[in-house]
Each structure stands twice: as structure tokens, then as C-alpha cells.
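Below is one structure, written out as C-alpha cells, with a few remarks after it.
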Amino acid sequence: MKSDPTIAVADHAEPAALAARLRVAGWRFARRMRQESDPGITPTVHAALHQVETHGPITAGQLAAHEHVQKPSMTRTIQALLDRELIERLPDPLDGRVRWLSITPAGRKLLQRSRRRTEEFLARRVKKLTADERDVLERAATLLERLAEGDR
């Protein structure tokens, strides 16, 4: 280990040990971001709303696929989004059997508020880091983005 207590970095961490640390840190980081964002909806509903914003208009089946669940499992989540008027169902002009899910202004506002709260929290935390720590974090963010892409 290097002697700088603010940045504890192993010289050559074993891949399995590093993977375990990244897994735990990733889950803790994600949980903290969810707490700070305080969207007022469950993480499942929040994730689905984000998918509708990103990929919408989208069908229920497409949304289920993006969330890696079966369509029947997505029904309750879609209903929660509809009940809170965060999304709306739109008819397909060519096929009356198809309904498209689209984000509403209220849904977009909720996501924007959530992102702003998270970014403000992170900015306050990052501001407290040294310049060297911010440089390390910048490089780590690039690596984490690459890891998240996987083997695509």
C-alpha cells in the first residue's frame, strides 16, 4: 500500500479481491445516490421511468426487456407510473392493439429534480477532495465506464 492515507491504493491488487471491493463499493455508492436523489418513488419505479425517458415512446414489452423482467412483472410498475401521472399511454396510429408509453412533463421534472439533487450532493463531496484525489477519481470514472460496458 502507498503511504498516503487519503488515497489507499494497492500496488497490484489481485483481480478477485479488487472485484469484490468494487462490487461492495458500487452497491454502497448506488444506494447512497438513491438516498440523496430522494425521488419519492421506489427504485424499481424510478428505473422504469428513466427507461421510458431514455427509450420512449416505448411499449410495455420493450420496457420489460430493458429492465430484464417479464412483461407481466412490469404491469404493476407501469400502473404505478400511470397512477402518479409520470407516464402516459398513447395509442399507436397504425395498430389499435399497441399502446406506447411516454414520459409526461411531471415525470421529466421528477427525474430532473432527482438528478440535480444527486449531482449537487456529489459536487459538494468532490469539492472536499484534493486535486490529486480528483485526478484519481477522474481516471477511475473512465475505467468504471469501460467496465460497465462489458464485452459489448
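Laboratory data are not the source of any read-out in this text; all were calculated from the coordinates shown. No experiment lies behind these values; they were computed from the predicted model shown. Every residue, glycine as well, gets a Cβ built from its backbone with ideal geometry; the counts of neighbours run over all protein chains shown.
The figures follow:
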| item | result |
| --- | --- |
| Mean residue ellipticity (222 nm) of the chain, computed from DSSP H runs ≥ 4 via -39,500 (n - 2.57), nearest 500 | -21500 deg cm²/dmol |
| Estimated FRET transfer efficiency (Arg97, Thr42; beta-carbon r; R0 22 Å; 0.05) | 0.15 |
| Centroid-to-centroid separation of segment 124-152 and segment 86-119 [C-alpha atoms, Å] | 31 Å |
| FRET efficiency, 1/(1 + (r/R0)^6) with R0 30 Å, evaluated for Ala65 and Val136 via beta carbons | 0.20 |
| Rounded tilt (10° steps) of 131-149 against the dominant C-alpha axis of the chain | 50 degrees |
| Theoretical gain in end-to-end length, Arg116 to Ala30 [0.36 nm per residue, Cα-Cα removed] | 29.4 nm |
| Length gained when the stretch Glu85-Lys127 is fully extended (0.36 nm per residue, less Cα-Cα span) | 11.5 nm |
| Nearest-ten-degree value, helix 71-83 long axis tilted from longest Cα axis of the chain | 80 degrees |
| Only Lys, Arg (+1) and Asp, Glu (-1) charged, at Cβ; the chain dipole about Cα centre in debye | 480 debye |
| Qualifying trypsin sites (Lys or Arg not before Pro) for segment 4-105 [loop in DSSP, other Cβ within 10 Å: at most 10] | Arg97 |
| Average Cα contact separation per residue, the chain, under 8 Å, 6 or more apart, as relative contact order % | 21 percent |
